[in-house]
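Worksheet for the structure shown next.
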Amino acid sequence: MKKVSCMIMALMTAVSLTGCSTFAAVGTSSLPDTAVTDGTDPAESTPIAETEALGTSLVESAAGRKILIAYFTWADNTVVENPSSVDVDATSSASVLPPGNVEQMAYWIQEEVGGDLFSIQVEEPYSSDYDECLNRAADEKADGVHPKLTAAVEDMDDYDVVFLGYPNWWYTVPMALYSFIEENNLAGKKVILFCSHGTGGLASSVQDLTRAMPECEVERNVIGIYRNDIPNAQADIKSWLAEIGY
């Protein structure tokens, strides 16, 4: 597995993260815009593995804090009529069957920190055809459409920390992430992002989500795992969690 860990450490004697994080994401890819579904880039040529660490983390204990792990994955937002016909080794269909890449990351996070899992699902499923799914995602992004979700989180007020996972779609997040933010009150909560991607890396996803959550404290250390490395990324996720105090 190839993995590049990029961390920017703030050279200060004290670090205080109160209110909202409004940093600009760094260590992201500067590749031309191409579609990325659950970390799958149809135009990629050279696989890269990376775990992006953005800034200095506020290290804190998870003890006594109620944790939610919410995630969006293509596999939970489509219907595959004949799963046995899917070539799981094909680039365009690798994440269409459960568990999706982001879901697998969420499972491993839960193993380490506990907490409750919540799959973000849209009312109108995406096509299981790769190109059709990408086309809809592009239209939603262009038109600013935030698709309606099937459910909101019960007792959201009870949670202190929210891990929020997503794939890189069109160099940002699926529009359903904005729906989740709008339909669930995250104000005052610690939000920790994790991402599955192709060669696009984190792209603008961290900045976009941070701007959408001005009343949240967004963790600066964000992990992004290249899609082909997901099956072997459990140790990387464990190390990342330790870095941020979990």
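Every number here is computed from the coordinates shown, using simple stated rules; none is lab data. Quantities reported herein were computed from a predicted structural model and do not represent experimental measurements. FYI the Cβ positions are ideal-geometry reconstructions off the backbone, even for glycines, and counts take in every protein chain you see.
A few points about this structure:
- In region 65-242, the DSSP beta bridges split such that about 10 percent are antiparallel, to the nearest 5.
- Per-residue extension of 0.36 nm, minus the Cα-Cα distance of THR150 and GLU123, leaves a gain of 9.2 nm for this segment.
- Residues whose amide H falls under 5 Å from that of LYS66, counting only those 5 or more places apart or on a different chain, are ASP160, VAL161, with hydrogens built in the peptide plane.
- According to the Kirkwood relation over distinct C-alpha pairs, the hydrodynamic radius of region 65-242 is 16.4 Å.
- Under 15 Å from a label point set 7 Å out along the Cα-to-Cβ vector of ALA187, no amide N atom of region 129-150 is found.
- Counting 0.36 nm for each residue step from ARG136 to ALA242 and taking away their Cα separation leaves a gain of 34.4 nm.
- For region 123-138, 3J(HN,Hα) per residue [Karplus equation, 6.51 cos²θ - 1.76 cosθ + 1.60, θ = phi - 60°, Hz, x = Gly/Pro]: 5, 9, x, 7, 5, 7, 7, 4, 5, 5, 4, 5, 5, 5, 4, 5
- Each of ILE223, LEU68, ALA187 was placed along the dipole of region 65-242 (beta-carbon charges, centred on the mean Cα), and the one lying farthest toward the positive end is ILE223.
- The mean of 1/r over all distinct Cα pairs in region 165-246, once inverted, gives the Kirkwood hydrodynamic radius of 13.4 Å.
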